[in-house]
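The values are calculated or read from the model by the stated rules, or taken from the named source; none is laboratory data. Bear in mind that the values here come from a model prediction, so they are computed numbers and not experimental data. Cβ placement follows ideal geometry from the backbone for every residue including glycine, while neighbour counts extend to all protein chains displayed.
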Amino acid sequence: MVSLRSKDGAKEIIFDNVIYTLNEMDLGTADAELSTFKGVNQVGEYLNHTTIGTRSISIVGYVFADSQEEMRVRKRDLIKLVNPLDTFDLVVDGYRLSCVASDTVRFAVARYENNNKLCKFMLSAEAVNPCFVPLDETTIKVALWRAVFKFPLVLQANEPFIVGVREPSKIANIQNSGDIETGMLVEFVAKGEVSNPYLLNLNTREQIKINKTLSKGEVIRVNTNYGKKTVLGTIDGEETNYFSFLDLDSTFIQLEVGENEFRWGADSNESNLEVNIMFSPKYLGV
């Protein structure tokens with residue numbers, strides 16, 4: 001399925017072959033730019049790094065209606081959604097690509113392609129981030145209490161009554177199935193008092209550490225995504241900038257392609273700590 005969706009998800013135009021029909025869609029390509037260096041008498045060149053550029057897309061389709069007013073409303077919906085002053089998502093088979101229109105929607109001029117019954121349209125857009133991401137974010141509960149309380153409930157005399165158990169492993173293996181590295185949102189949740197929680201990447205030895213004693217119910221979220229790097233804390237429903245609590249040796253860790261092994265912990269009372277990691281794999285094509 002292919003659709004156009006506003007960034008907040010409130011509006012969506014679906015190419016359902018009833019109201020809107022997709023005729024052509026070119027997802028383009030993302031050009032790679034190579035930075036190289038050539039030494040004296042060197043055969044070939046040395047590759048310093050590679051960057052990936054933007055992606056240009058184009059769509060041709062038709063709008064169908066039963067009256068002049070219905071056609072006017074449906075064309076307005078398309079114009080409003082594909083606005084060069086705002087971003088929208090192109091959704092393709094469960095993946096989304098964030099886009100900004102290169103120009104306003106163009107409609108056919110010829111009467112046979114632009115009337116009260118059907119109207120041909122063309123739109124062009126640029127994906128400044130050329131990667132597709134899944135509609136649903138991946139959430140990994142690294143450290144948590146697992147509930148075991150269930151019905152029917154049978155109570156035995158002289159036996160302990162257990163409502164939850166702590167996951168014993170302090171090591172978590174996270175798989176990034178995407179084509180490039182990606183940032184993540186790390187969430188430290190205090191179920192009781194806990195001091196200086198951290199997340200350590202065992203592959204690179206990079207870590208995220210918060211130099212603070214958390215009280216029960218306090219939540220700290222560290223966002224390592226490019227352009228969104230923040231450290232925010234929430235307690236009693238009030239969100240505050242916690243950047244000053246970030247340890248100076250901390251790194252805004254990226255998830256490498258493939259396996260990423262982490263260890264979580266705290267300087268004290270780590271049994272009161274829950275750690276969640278949320279991320280979206282990035283794909284160069286779908």
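Some observations on this one:
- Among the residues of the range 105-118, those identified as surrounded by 13 or more Cβ atoms within 10 Å (Cβ to Cβ) and either over 22 Å from Val18 (Cα atoms) or among the aliphatic types (A, V, I, L, M) (or both) are Val105, Ala108, Leu118.
- The strands (runs of 3 or more DSSP E) falling completely within the range 4-62 that include 3 or more residues that are more than 22 Å from Glu181 (Cα to Cα) map to 12-14, 20-26.
- Against the conditions (1) under 24 Å from the mean Cα position of the chain (by Cα); (2) assigned to a strand (DSSP E or B), Asn83 satisfies every one except (2).
- Enumeration of residues in the range 1-18 that are free of Cβ contacts under 8 Å to residues at least 60 places away in the same chain and within 16 Å of Val60 (Cβ to Cβ): Phe15, Asn17
- Filtered by the rule that a residue be touching a strand residue (DSSP E or B) at 6+ places or on another chain (Cβ under 6 Å) and surrounded by 14 or more Cβ atoms within 10 Å (Cβ to Cβ), the range 243-264 gives Phe245, Leu246, Asp247, Ser250, Ile253, Leu255, Val257, Asn260, Phe262, Arg263, Trp264.
- Residue check for Ile235: modelled with pLDDT under 95 and either over 15 Å from Glu187 (Cβ atoms) or among the hydrophobic types (A, V, I, L, M, F, W, C) (or both): yes
- Tallying residues that are free of Cβ contacts under 8 Å to residues at least 60 places away in the same chain, among the polar types (S, T, N, Q) and part of a strand (DSSP E or B) within the range 99-126 yields 1.
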